[in-house]
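**Student:** So that we are looking at the same thing, I have put the structure below in structure tokens.
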Amino acid sequence: MDSLPTLDDVYRKFGFASEAAQLLETELGTMLLHLNIVDEGLLSTPNPERATAIYKTINRSTLGQVIKKLKSNAQSIDGLDGLENLLSDALVERNRLSHSFYRQHNLRRNSGEGRALMMADLDSIHTKLLDAYKAVMLLSGIDLDNPTAMIDALKLIGLVKMIFLPIKSVERKAFIDHLPI
């Protein structure tokens, strides 16, 4: 028989779900930052003050605001319009996690059976947030379910050397040759 979850288990799972929400929010913010920088021509004509203002505006935005701004630019990001329901569901779950999870579960934290219900709810929230994050990452060409393919792609463009190995070239080559791909 499985043991019932402890309060520490619940808090830990809440943290995992919160992390997934922040990863999603960060990636969507990065996409919005990139769109704004490209739209304003800041790659060809740098303007640090304008870039900083764009970043600060995005950083002050809620997840819902970032999603709304990205939706208005959906034609600029291949595949984003296909994620509308997934992102909408993730937003609902993130808001519920942050603003009402403990209020909804209230005294369940005080019993093993109640904590089991909380864990099931947190598992569901975490899955929805992580699914949305993985889908958004796929838009950038990053398949979190297949990290080996990611290493292959990085090797092709030479980024493995820069990301993984700031060491001597002989050691770097030996390491890259033994990556699990």
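Each row is one residue, and each column tells you yes or no for (1) exposed (fewer than 14 other Cβ atoms within 10 Å of the Cβ); (2) of a type in the set (S, T, N, Q); (3) assigned by TED's automatic domain parsing to the domain that holds Arg109.
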position: Ala17; (1), (2), (3): no, no, yes
position: Glu25; (1), (2), (3): no, no, yes
position: Glu49; (1), (2), (3): yes, no, yes
position: Leu63; (1), (2), (3): no, no, yes
position: Gln75; (1), (2), (3): yes, yes, yes
position: Gly79; (1), (2), (3): yes, no, yes
position: Leu86; (1), (2), (3): no, no, yes
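This table checks each residue for (1) surrounded by 15 or more Cβ atoms within 10 Å (Cβ to Cβ); (2) of a type in the set (A, V, I, L, M); (3) modelled with pLDDT of 95 or more; (4) in contact with a Phe, Trp or Tyr (Cβ under 8 Å, 6 or more places away or on another chain).
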residue	(1), (2), (3), (4)
Arg94	yes, no, yes, no
Ser98	no, no, yes, no
Gln104	no, no, yes, no
Gly112	no, no, yes, no
Lys128	yes, no, yes, no
Tyr133	yes, no, yes, no
Met137	yes, yes, no, no
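**Student:** Within the range 39-46, does at least one residue satisfy the condition of being polar (S, T, N, Q), surrounded by 13 or more Cβ atoms within 10 Å (Cβ to Cβ) and without any contact (Cβ under 8 Å) to a residue 24 or more places away in the chain?
**Tutor:** No - not one qualifying residue is present in the range 39-46.
**Student:** State whether the residues of the range 75-88 include one that is at pLDDT 95 or above and over 27 Å from Ile54 (Cβ atoms).
**Tutor:** No - not one qualifying residue is present in the range 75-88.
**Student:** Of a type in the set (Val, Ile, Thr), over 22 Å from the mean Cα position of the chain (by Cα) and exposed (fewer than 15 other Cβ atoms within 10 Å of the Cβ): does that describe Thr57?
**Tutor:** So Thr57 does not fit the description; no.
**Student:** With (1) under 19 Å from Ser124 (Cα atoms); (2) without any contact (Cβ under 8 Å) to a residue 40 or more places away in the chain as the list, and Ala53 as the residue in question, which single condition is left unmet?
**Tutor:** So Ala53 meets the others, but not (1).
**Student:** Go through (1) within 30 Å of Asp121 (Cβ to Cβ); (2) in contact (Cβ under 8 Å) with a residue 24 or more places away in the chain one by one and return the number of the condition Gly15 breaks.
**Tutor:** (2)
The values are calculated or read from the model by the stated rules, or taken from the named source; none is laboratory data. Just so it is clear, the structure is predicted and the values come from calculations on it, not from any experiment. All Cβ positions, even for glycine, are placed from backbone atoms using ideal geometry, and neighbour counts span all protein chains on display.
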